[in-house]
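First the structure, in the form of structure tokens, and then the observations on it.
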2 protein chains.
Amino acid sequence: MSQQVQQTDSAGALALVAAQDRFIAVWGQMGSTWGVSRTMAEVHALLFIVGEPMCTDDVMERLAISRGNASMSLRALVDWGILARVHKRGDRKEYFQAEGDPWVILRAVVAERMKREMHPVLAGLAEIRDATEPGRAGGGAVDAAQAGRIASHNERLESMIEVLGLLSGLGEKLLGMPTEQLRLAAGALGAGLGGGGGRL
Amino acid sequence: MSQQVQQTDSAGALALVAAQDRFIAVWGQMGSTWGVSRTMAEVHALLFIVGEPMCTDDVMERLAISRGNASMSLRALVDWGILARVHKRGDRKEYFQAEGDPWVILRAVVAERMKREMHPVLAGLAEIRDATEPGRAGGGAVDAAQAGRIASHNERLESMIEVLGLLSGLGEKLLGMPTEQLRLAAGALGAGLGGGGGRL
DNA sequence: AAGTGTTTTCAGAATATTTTGAAAGAATAC
DNA sequence: GTATTCTTTCAAAATATTCTGAAAACACTT
């Protein structure tokens, strides 16, 4: 089972486990930020901070969660592409190893949210626009006030689509960038642009 | 009460209300994206797409929600800074008007999530780092393997802090940019930087 | 001051999400 | 083939979140 803290209950091991637990707790809180349950975030945190592969039983024991929960969380994280299944010779158990590059993790999270949230919303808004384009609206007789409302409705809809489309474009761009480029871009933008006053 | 669709049940009014309802439904789905309940997102969607001020009773009726729910959602949206309280002469009721600029809305959402999620996480991670900086760890006797684990733990922690710090910097920058600059920057970045795709 | 219309609050109800645990399903060993 | 070990599934239980509605608080008016 747990080979993490062996007989060596040295001060070093204790401090390390304590730090890991703190990391897990903090990361778990962030679960809602990237749209997953606290437990799933904690499982990821554990594997990320430990760095070495762990099996289902290790995870269950360390986080005090059920087998079913561990299995589902691990599977989901594999699906997200931030956990790899690994095997050890002479061991029938399956082990899981976390992706170590935070930029890869970031991309996975962005990809997932784009797919699950951004794309459906953009598609939905586009449909509404098509259904209410000027000239449609089911025919003729609308008074002036009504016509004004419709025009302004379309403007608001359009402006929202514009912003979301731009954001979506940014997201796609991010997904297409390799880690090194990403780090450079983020650093340059965050530090260089704007500065409170900011020029483009 | 509802002055939205008067006696004029013309085709135009019907189509407009239908489009509004669809917008509200789509926007409501996105609630989890920006970290609020579906109802709060729907209340915002309603006021945004209608464009004109509405009072609590209007909102309750249109969305079929309770007074308490409407009151709390409206209040929260005012706190977020994307709804303004307005008054009508000769009317004791309070009306609410949505911010019309989607970029302002975006900034409000980013600001809220930075405050509620990014800052606490960064603070938590920084604390953990301080508690486990090399030389600490409670003193001496750690064997070589343990020392290696601690070193690699610190590296992983550091790399995660680096990425989140960079993202946080980006967020702050965004919050400091006026609408026009934001639009330009997003457009330029989404279309220009990097390679691959980028189409809406 | 009491009266009237409006808004806020919050305990309990309703709803939704997450977790468990045991049974069924795979996969490998014998 | 059966036995053994590990993994997945999913209905029910536990938990967390959201919503309601009626009472309290508030803000005007007379």
- Translational D in µm²/s for chain A (Stokes-Einstein at 25 °C, 0.890 mPa s, Kirkwood Rh from C-alpha pairs): 118
- B:His119 label points, 7 Å along Cα→Cβ, one per copy: pairwise distances from this copy to the rest in nm, shortest first? 3.5
- Query: Which value, in Å² rounded to 10, gives the accessible area of B:Ser37 with a 1.4 Å probe and all protein chains present?
  - Reply: 60
- The percentage of the accessible area of the range B:17-141 (probe 1.4 Å, all protein chains present) made up of carbon and sulfur atoms, to the nearest whole number, is 51
- Query: Taking the range B:11-98, how much of its Cα-Cα pair set, in percent, is spaced more than 14 angstrom apart?
  - Reply: 63
- Message: Under the rule of at least 5 residues apart or a separate chain, name every residue whose amide H is placed under 5 Å from the amide H of B:Cys55.
- Response: B:Phe96
- Using only helices, what value at 222 nm comes out for chain B when you add -39,500 (n - 2.57) per DSSP H run of length 4 or more and divide by the total residues, to the nearest 500 deg cm²/dmol? -20500 deg cm²/dmol
- Task: With +1 on each Lys and Arg Cβ and -1 on each Asp and Glu Cβ, and nothing else charged, work out how big the dipole of the range B:102-186 is about its Cα centre, in Debye to the nearest 20.
- Result: 300
- Item | 7 Å along Cα→Cβ, label-point gaps from A:Lys93 to other copies, nm, shortest first | 6.4
- Message: Given a Förster distance of 56 Å, report the FRET efficiency between A:Asp21 and A:Glu162 from their Cβ-Cβ distance, rounded to the nearest 0.05.
- Response: 0.80
- Item | Residue-wise HN-Hα coupling along the range A:145-151, computed from phi with Karplus coefficients 6.51, -1.76, 1.60 (Hz; x: Gly, Pro) | 4, 4, 4, x, 4, 5, 4
- So, with points 7 Å from each Cα along the Cβ direction, the A:Glu94-B:Glu180 label distance in nm works out to 5.7
- Task: Among B:Ala76, B:Val104, B:Ala64, pick out the residue whose Cα is farthest towards the positive end of the charge dipole of chain B, where Lys and Arg carry +1 and Asp and Glu carry -1 on C-beta, about the Cα centre.
- Result: B:Ala64
- Item | Label point distance in nm, B:Thr56-B:Ser32, each placed 7 Å from Cα along Cα→Cβ | 3.1
- Using +1 on the beta carbon of Lys and Arg, -1 on that of Asp and Glu, and nothing else charged, what's the dipole of the range A:11-98 about the Cα centre, debye to 20? 160
- For the protein assembly as shown, what mean projected area does the convex hull of the alpha carbons give, in nm²? 24.7
- Principal axis dimensions, largest first and in whole angstrom, of the range A:143-192 by Cα: 58, 22, 5
- Can you list the HN-Hα couplings for the range A:65-73, worked out from phi with the Karplus curve (6.51, -1.76, 1.60; θ = phi - 60°), rounded to whole Hz and with x for Gly and Pro? 10, 6, 4, x, 4, 4, 4, 5, 5
- Buried solvent-accessible surface, both chains (B, A), 1.4 Å probe, Å² to nearest 100: 6200
- Task: Please get the size of the charge dipole for chain A, origin at its Cα centre, with Cβ charges of +1 on Lys and Arg and -1 on Asp and Glu, quoted in debye to the nearest 20.
- Result: 140
- Message: So if I take the alpha carbon set of the range A:102-179, get Rg, then get Rh from the Kirkwood formula, what is the Rg over Rh ratio?
- Response: 1.19
- Message: So, for the protein assembly as shown, what is the accessible surface per residue at a probe of 1.4 Å, expressed in square angstrom?
- Response: 48
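The values are calculated or read from the model by the stated rules, or taken from the named source; none is laboratory data. Source: prediction; values computed, not measured. Cβ sites come from the backbone with ideal geometry, for glycine too, and all protein chains shown count toward neighbours. Side chains are part of the model used for accessible areas, which takes the heavy atoms of the whole protein and leaves out ligands, DNA and RNA. Shrake-Rupley method; radii C 1.70, N 1.55, O 1.52, S 1.80 Å.
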